[in-house]
1. With the crude spin-label approximation of a point 7 Å out along Cα→Cβ, what separation in nm comes out for B:Glu190 versus B:Glu55?
2. How high is the FRET efficiency from B:Glu267 to B:Ser23, r the C-beta distance, R0 51 Å, rounded to 0.05?
3. D for the range A:3-160, whole µm²/s, Stokes-Einstein with Kirkwood Rh over alpha-carbon pairs at 25 °C and 0.890 mPa s: what number?
4. Assigning unit charges at the beta carbon (Lys, Arg +1; Asp, Glu -1) and nothing else, what dipole magnitude in debye, to the nearest 20, does the range B:211-260 show about its Cα centre?
5. Sort B:Ser128, A:Ser18 by Cβ crowding within 10 Å, fewest neighbours at the top.
6. As a footprinting exposure proxy, order B:Met288, B:Met372, A:Met86, B:Met75 by other Cβ within 10 Å, with the fewest listed first.
7. Once label points are set 7 Å from the Cα along Cα→Cβ at both B:Asp35 and B:Gln375, what is their separation, rounded to one decimal in nm?
8. What's the magnitude of the charge dipole for the range A:19-73 around its Cα centre, counting Lys and Arg as +1 and Asp and Glu as -1 at the beta-carbon? Answer in Debye, nearest 20.
Amino acid sequence: MAKKTYDLLFKLLLIGDSGVGKTCILFRFSDDAFTTTFISTIGIDFKIKTVELGGKKIKLQIWDTAGQERFHTITTSYYRGAMGIMLVYDITNEKSFENIVKWLRNIDEHANEDVEKMILGNKCDMSDKRTVSKERGETIAREHGIRFMETSAKANINIERAFSELAGAILEKTAGREPGDPADRVYVDRRQQPSTTKSCCN
Amino acid sequence: MAYRARLKEFDDILNQDVIDLNSLRKLSFQGIPDDQGKRAKCWRLLLNYLPLEKEKWDTQLEKKRALYKQFIEEMVVMPGEKESNGDVTMGDHPLSINPESEWSTFFKDNEVLLQIDKDVRRLCPDISFFQQPTEFPCLEIVNSNDIKRLHTRVQRRVLNCANVERKGLGITKIALSVKKACEDYAPMAEGKEAHWEVVERILFLYAKLNPGQGYVQGMNEIIGPIYHAFASDPDILFREHAESDSFFCFTNLMSEIRDFFIKSLDETDHGINKMMNRMLVQLKNSDMDVWLRFQQLELKPQYYSFRWITLLLSQEFPLPDVLRIWDSLFSDESRFDFLIYVCCGMIVILRNQLLSGDFPSNLKLLQNFPPMDVQDIISKAVELSKQKIF
Ligand SMILES: Nc1nc2c(ncn2[C@@H]2O[C@H](COP(=O)(O)OP(=O)(O)OP(=O)(O)O)[C@@H](O)[C@H]2O)c(=O)[nH]1
Ligand SMILES: [Mg+2]
């Protein structure tokens, strides 16, 4: 157990309103299964999966957070260490889409500045109940310069791809840096950069 | 015949005219038998729902059950009354901006309801109990052509957002017609009601009556086991009132643990952070090696014990084990000190694995507690509680 069986370690975080399907997405990714009956997440959950990317073994440490407001103080404390964040909404739930802006603001406030972000419009298998069009998802992602994808944990659409794209983006960023603890390196670099996100928001 | 003897011990205490609370606590702490509705009976006493004087029970039960009926009438049945006659020409209508408007309350309630609805459908998925119909549905509600079912209200609400602006007609009608088309959750037939619908109502009433807290996720995991115990009482006279009785027991229990659920109280004496700290201090006293290891790995108590403490361990174990643990927790005179010991006991029992594990494997282990005899955990907790160090 103590031996290192991977080359890199990436910490990812899943956020978004309660009930959008964060736990199901993670479960699909880690266990390749779907159950409709998931207990709601209280606080924070944790899973690991090792993937291969660009010839490297990458261990993904994925934190699944609770969506409800009450848990924000506990969940935002995890933002800092995250190298990638998946922001999930539910395409059948307008409110969860509107709240994307709020979640993005949370990221700006609490996460590292160069954290890789990705927006996921989940439950795309339920086209008959859709209230948020794909275009609206694409638009908001473009506005913020973030990757976007529609997913379905149930029908297993784009789940694998979402994680490997996010991991790929982080890999690109860390590649070319000196070996060592990648997380620390990123952290140091970041501090010297002027804040770009915050100035353009207000 | 140790079991028989145990049952008799309970009977001896419960048959007294005035219940000796201390003896009851001592006995229940060892676990309450699953049979004969003993657990429900004891919990009603341990959670201060029933007074110790037996002669007062009937009046207390009558009073409380009537009160609960009134709550339903006022907060679930009546609001729908106004809505279903569909007359929106009066001052109070769905688009009214008057904050006093009953419609405004109606929509605010539905926000709460939406969250409750998501959670009660996800309650104890490992057993089928909550999916099954109750023998004692609320008749006024289940015979209302679905109109008064709480979850009907939220399904409607979601659709309202999409439809109301465009058409500007009477909301109820549009939504109702759409609803029929896209129901994905097997609805109970008219006249029937599933246990999860009952739990939904309990939580909704609690949120209405305690606006300072409203509904917080996880409360479903607290009411779940209580309602389950009460609704499986073999005594039909009690089973019939499982809803109201568990509502009041839940309310009493929440009055002791509600601070865990309120963000602004995190740092106060009874807030969740204090509890997690107490647990950590206890762990340091009980098992310095594990404590040091956690320190080293930066494995913070928030990562695992937040849920343990907030939910009184209800998500960590299968329901029968949860019931057994709660017997002890509810018998704890200084609630919830024993909870801290149980949490530490859970950690100490896994010490060998935890000492050799790295951060991810330890965290996984703690978040997915391995199956084991719950009695071992309780014994360990008792052992820790006896070795007072500070
Ligand atoms: N049709 C469909 N349903 C889904 C999908 N993903 C999740 N769900 C359903 O949505 C519900 C909520 O899913 P969860 O994964 O528990 O939601 P969550 O975001 O983790 O919610 P919290 O833990 O409360 O923050 C579940 O009952 C799932 O059945 C999907 O891709 N398609
Ligand atoms: Mg979840």
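Laboratory data are not the source of any read-out in this text; all were calculated from the coordinates shown. This is a predicted model, so every value here is computed, not measured. Cβ sites come from the backbone with ideal geometry, for glycine too, and all protein chains shown count toward neighbours.
1. Once both label points are built, they end up 5.0 nm from each other.
2. According to the calculation, E is roughly 0.85.
3. It diffuses with D of about 155 µm²/s by this estimate.
4. Details: 2 positive and 8 negative charges, 29 e Å.
So the dipole magnitude of the range B:211-260 works out to roughly 140 debye.
5. Going from least to most buried by this count: B:Ser128, A:Ser18.
6. B:Met288, B:Met372, B:Met75, A:Met86
7. 1.6 nm
8. About 220 debye.
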